[in-house]
1. Residues in segment 298-319 that are closer than 20 Å to Gly232 by Cβ and crowded, with 24+ Cβ neighbours inside 10 Å: how many?
2. May I ask you to verify whether Ala188 is over 24 Å from Gly231 (Cα atoms) and in contact with a Lys or Arg (Cβ under 8 Å, 6 or more places away or on another chain)?
3. Within segment 89-126, take every residue that is out of contact with any strand residue (DSSP E or B) (no Cβ under 9 Å at 6 or more places or on another chain) and not aliphatic (A, V, I, L, M) and give me the one that is surrounded by the fewest Cβ atoms within 10 Å (Cβ to Cβ).
4. Working only within segment 1-22, note down all residues that are buried (at least 16 other Cβ atoms within 10 Å of the Cβ) and either modelled with pLDDT of 95 or more or of a type in the set (D, E, K, R) (or both).
5. Please go through segment 220-240 and give me each residue that is at positive phi and either hydroxyl-bearing (Ser, Thr, Tyr) or within 16 Å of the ligand (Cβ to nearest atom) (or both), ordered by number.
6. Out of the residues in segment 264-277 meeting the condition of being surrounded by fewer than 21 Cβ atoms within 10 Å (Cβ to Cβ) and touching a residue at least 24 places away in the same chain (Cβ under 8 Å), tell me which one is nearest to the ligand (Cβ to nearest atom).
7. Could you tell me whether any residue of segment 119-132 is in a loop (DSSP other than H, G, I, E, B) and at pLDDT below 90?
8. Of everything in segment 162-217, what is hydrophobic (A, V, I, L, M, F, W, C), surrounded by fewer than 23 Cβ atoms within 10 Å (Cβ to Cβ) and within 16 Å of the ligand (Cβ to nearest atom)? Give them in sequence order.
Amino acid sequence: MDLTAATLASPTLAGVALTLIHTGRAPTRSALTRQLGVTRATVGAVTGELRDLGLIEVDAGAGGGRQGRPSHRLLPSPAGPVALAAQVHPDGFAVALVGLGGTVVARRAVHGPVSADPARTFAPAAEAAAALLRASGRPCVGAAVAVPAAVTRPGGTAVRALYTGWPDGTPVRDLFAAELERQGVRGARGRALGCEAVNDVNALALGEHRQGAGRDATHLLVVSAEHRGVGGALVRDGALYAGSGGLAMEAGHVSVDPDGRPCRCGNRGCLNVEADAERLLDEAGGPVAADRPVLDQAVALLRAGYPGDSRVRAAADGCAARLGLALAGLINVLNPDRVLLGGMYRELLALAPARLRGAVASHSPWGVGAGVPVEGGTLADGGLIGAAELAWQPVLDNPALLRTA
Ligand SMILES: [Zn+2]
């Protein structure tokens, strides 16, 4: 599925209603009536259809409508369908079931080095996801896997997988789908399961836009220091900006020092190597323990050391300065109305907001960059939630898909 096409497709009225409920814009039937601009009778029919499909519950008990009249609350059904989301990274993987409204119903994370053989990576992730789904007893709307590599679209193949060693053109979507099928995972009513693959920071950006701190931004720029390296994404008018082949927004390879450290891409001084978790640990002298994800170690070191450890502070301030330089360039090129930071950068912003925003402003021509809000993402599992958005999308466009065999 092409997300851009899916988002631009004409959803059914029930699909528009479901999307409004899913994204928190219509928590009550009266709110949904206002948002849709249709009669109460029509909204009653639509919510009845969504209820009959097992997607929502209509709670007549509360809600606080106009003139003191209670308005029926629209809630995700506690037994309703879920999306199956997976996120693979160089230090392991996580899987989750994500319900309507971006709610993580169940989650499991496994730590361990990722295999350079993609099949050996996706088999345990699919097995863990299938176990969660079986335990939940809930139907599945679809699956999606987020990976630390650019992902072609259409095609679902990974390229530039610099941190996992997968060959260029690895068919990550098809591999994950095949492993899920081997595990016996089926879609609602026994149908074949739809499966998507997406870059991990693209997934994070989509999750934050739909369910987190990116809501209502028209041009949302997300830059995140993940488990290794740095990624970027742009959500424009609700859809991921993909470029001509799905490979846009490689923010990690923006050079912030032409004489800097060598990057795995062949260039020098990329943000990937000048301001990522490994660089912070390297400069701050933090131990790199094999039994703990690098990202977790970097975040823990920042939290513990930034207030009083001069070496940690110097390393963090250096990362903030280099990140600020890259952000100023991206802001100047893309003209976003909001910037969200993820992964280690979220911690960096929380600890040194003035330093990071000051670095952006000092490199911004005409001061434009200083006026763009730079905030931290708010989702604990943004990558998983964003991947789940892709899996949910066909049902959000047309909920009646759950009815047809
Ligand atoms: Zn690079």
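1. Residues in segment 298-319 being closer than 20 Å to Gly232 by Cβ and crowded, with 24+ Cβ neighbours inside 10 Å: 2 in total.
2. No.
3. Within segment 89-126, the first condition is being out of contact with any strand residue (DSSP E or B) (no Cβ under 9 Å at 6 or more places or on another chain), and the residues that meet it are 90, 102, 115-117, 119-120, 123.
Filter again for not aliphatic (A, V, I, L, M), leaving 90, 102, 115, 117, 120.
Working: Pro90: 19, Gly102: 24, Ser115: 15, Asp117: 14, Arg120: 10.
Looking at residues that are out of contact with any strand residue (DSSP E or B) (no Cβ under 9 Å at 6 or more places or on another chain) and not aliphatic (A, V, I, L, M), I get Arg120.
4. Result: Ala14, Gly15, Val16, Ala17, Leu18, Thr19, Leu20, Ile21, His22.
5. Going through segment 220-240, the residues at positive phi turn out to be 229, 237-238.
The answer is Gly229, and nothing else.
6. Here is the first cut: in segment 264-277, the ones surrounded by fewer than 21 Cβ atoms within 10 Å (Cβ to Cβ) are 264-269.
Next, from what is left, pick out any that are touching a residue at least 24 places away in the same chain (Cβ under 8 Å): 264-265.
On the way: Arg264: 7, Cys265: 3 Å.
Step by step, filter segment 264-277, then rank; the result is Cys265.
7. So the first thing to find is which residues in segment 119-132 are in a loop (DSSP other than H, G, I, E, B), and the list is none.
Taking every residue of segment 119-132 in turn, none turns out to be in a loop (DSSP other than H, G, I, E, B) and at pLDDT below 90.
8. Passing the criteria: only Leu162.
The values are calculated or read from the model by the stated rules, or taken from the named source; none is laboratory data. The structure presented is a predicted model; accordingly, all values stated were derived computationally and were not measured. So basically every Cβ, Gly included, is an ideal-geometry build from the backbone, and we count neighbours across all protein chains shown.
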